[in-house]
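Values quoted throughout were computed directly from the atomic coordinates according to the rules given, and no laboratory measurement underlies them. As the structure is a computational prediction, the values presented were derived from the model and not from experiment. In this analysis, Cβ positions are derived from the backbone assuming ideal geometry, glycine residues included, and neighbour counts consider all displayed protein chains.
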């Protein structure tokens with residue numbers, strides 16, 4: 001059982017690396033060539049990522065509930081086939097309408113193959129003492145997506161053009177992710193093949209995911225503090241993932257240099273995740289995350305002023321990168337701690353829907369502000385402010401006495417619901 005869990009974690013780490021690289025980070029390099037070839041503005045081309053985020057948001061809760069009830073193998077395998085197929089179709093688009101339609105479909109596959117479904121498969125199958133390491137492995141490997149795929153996509157575009165580059169990305173994605181999702185993900189939901197004995201705390205929290213649980217979660221202030229904080233942070237991450245290469249080019253760097261510097265974010269995001277996991281033994285991870293969000297705000301705010309030199313750009317990007325992946329590894333741990341594991345996929349899907357809806361506006365807003373102000377300075381400063389807001393709200397969530405009381409009440413309600421479910425099954 002332990003070996004099977006390790007295999008699942010390792011496979012999902014690899015599929016996350018390739019999935020994020022092909023389906024998200026590559027578009028930062030493809031954005032300019034696609035816009036020029038189709039005769040549209042970069043703002044119009046950036047709207048594709050907004051549609052991706054909306055497509056993911058529409059499906060997030062349904063995907064989470066499906067995995068809670070039926071497991072992740074068939075859903076993630078179908079998602080990886082669809083994602084590879086749509087990347088190939090994207091290489092054949094001839095106008096902006098076709099571009100939007102294809103990338104909206106790719107957004108749906110985000111909900112099926114990236115971190116959220118991977119976490120919904122992993123977290124309920126592991127005890128609390130092993131979840132942190134498993135999440136670290138998946139996000140650490142996945143964190144190298146920008147480091148690997150920004151330069152790789154840049155080289156493909158330079159040598160073969162953006163259309164052929166997309167074909168190669170489709171092949172890489174399909175060959176890697178389809179067999180891993182089919183072979184390495186366990187059959188059925190976690191409840192049917194539990195690899196660990198549930199603690200009494202987890203047993204008390206168990207409840208069947210459904211409308212009653214959704215409404216209960218929406219009444220809890222902690223959910224909304226998490227939703228706003230992680231939405232603010234994730235929206236900036238999304239915007240930078242799409243626009244950072246263009247920002248660095250505007251500061252005077254070549255495309256190759258800009259892509260390489262932007263790729264450093266992946267390496268540093270892994271460093272940040274390693275640090276937060278190590279520091280968890282001595283201090284509250286949430287406090288460390290709040291502090292790093294503040295450091296990110298300062299570093300990003302300085303980028304327009306220091307980033308015209310390679311040294312300044314590297315220093316700012318490296319500092320921002322230290323906190324780039326912290327929300328990814330912190331969010332599932334907080335959901336499991338405060339909302340339980342039996343309904344993890346549903347609650348995580350709700351939170352991800354909130355995040356996805358919010359992040360549809362910021363990348364588009366960054367592009368629009370760039371057009372209105374004639375540069376990236378104002379949009380970058382707005383993003384820095386959002387980093388600061390995320391840190392402040394997450395800090396507030398750790399000090400809310402009212403929410404702690406509601407957490408205890410939520411656990412009591414979950415216990416009652418679980419008892420009612422067990423009684424119904426006995427009848």
message: Full-extension gain between residue 130 and residue 385, please, as 0.36 nm times their residue separation minus the C-alpha to C-alpha distance.
response: 88.3 nm
statement: Under Stokes-Einstein, the stretch 56-142 at 25 °C and 0.890 mPa s, with its Kirkwood radius over C-alpha pairs, diffuses with a coefficient in µm²/s of 173
- prompt: What's the FRET efficiency of residue 88 with residue 305 using the Cβ-Cβ distance as r and R₀ = 60 Å, to the nearest 0.05?
  reply: 0.90
The stretch 124-190 shape via C-alpha gyration tensor axes, a/c threshold 1.5: oblate
Taking 162, 224 and counting other C-beta atoms within 10 Å, the order from fewest to most: 224, 162
- request: Determine the distance separating the Cα centre of the stretch 43-58 from the Cα centre of the stretch 4-27; give it in Å without decimals.
  value: 21
statement: Expected sort for 315, 290 with the fewest Cβ neighbours (10 Å cutoff) up front is 315, 290
- request: Give me the distance in nm between label points sitting 7 Å out from Cα along the Cα-to-Cβ direction at residue 175 and residue 95, one decimal.
  value: 3.5
- request: Sort out for me the Cα centre separation of the stretch 344-362 from the stretch 156-182, rounded to whole Å.
  value: 27
message: Please compute the modelled spin-label separation between residue 368 and residue 337, points set 7 Å along Cα→Cβ, answer in nm with one decimal.
response: 3.6
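Between residue 218 and residue 38, take the C-beta separation as r, use R0 = 45 Å, and let me know the FRET efficiency to the nearest 0.05.
After rounding to 0.05, the efficiency reads 0.65.
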Highest to lowest packing among 122-132, 291-301, 20-30, scored as the average C-beta count within 10 Å: 20-30, 291-301, 122-132
task: Quote the FRET efficiency, to the nearest 0.05, computed for residue 298 versus residue 257 with a Förster distance R0 of 25 Å and r equal to the Cβ-Cβ distance.
output: 0.60
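Fewest Cβ neighbours within 10 Å first, please rank 181, 338 accordingly.
So the ranking, lowest neighbour count to highest, is 338, 181.
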